[in-house]
Amino acid sequence: MSLTLPKPPKVVDLHAEAFLDDWEDYDADEILNLAIDHFKECLDAAIYWEYTEIKFIHGKGKGTLRKWIYEELKSYKDMGAIAAYYPAYHNEDIVVVQIGI
């Protein structure tokens, strides 16, 4: 049996209201954990589908999600799963992830 992941969008919004219908029912820590899970699922799916690039909108806020995402991306890069990552030229609230070249 082979695993088939659904294709993620090319731009993933990690704001709670973008991926949770009932986001008001969660506290801040739960939303952070769900955003992290959503990020990993979409990035793993993008790697699986051999995307060359995917963008994640993490927003401003207190920077907690952004910090976690950049730490996670460093480990993906160190493992060789992605080629590079950097803030979007036009908006630093978005991180661009280059998966393959």
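What follows is calculated from the coordinates using simple rules that are stated; it is not laboratory data. Being a predicted model, the structure only gives us computed values, none of them experimental. Cβ placement follows ideal geometry from the backbone for every residue including glycine, while neighbour counts extend to all protein chains displayed.
Against the longest alpha carbon principal axis of the chain, how many degrees, from 0 to 90 and to the nearest 10, is the axis of helix 28-48 turned?
20
Could you tally the net charge around Glu41, taking each other residue with its Cβ under 13 Å from the Cβ of Glu41, Lys/Arg +1 and Asp/Glu -1?
For residues surrounding Glu41, the net value is -1.
Please identify, among Leu20, Leu73, Leu32, the residue showing maximal mean-square fluctuation in a Gaussian network model of the chain using a 10 angstrom Cα cutoff.
Greatest mean-square fluctuation among the candidates belongs to Leu20.
Number of Lys-Lys pairs in the chain under 18 Å by Cα, sequence gap 8 or more or different chains?
12
Report the normalised scattering of the stretch 11-98 as log10 I(q)/I(0) at q = 0.16, 0.24 Å⁻¹, calculated by the Debye formula with identical scatterers on the alpha carbons.
Each listed q maps to, in turn, -0.60, -1.29.
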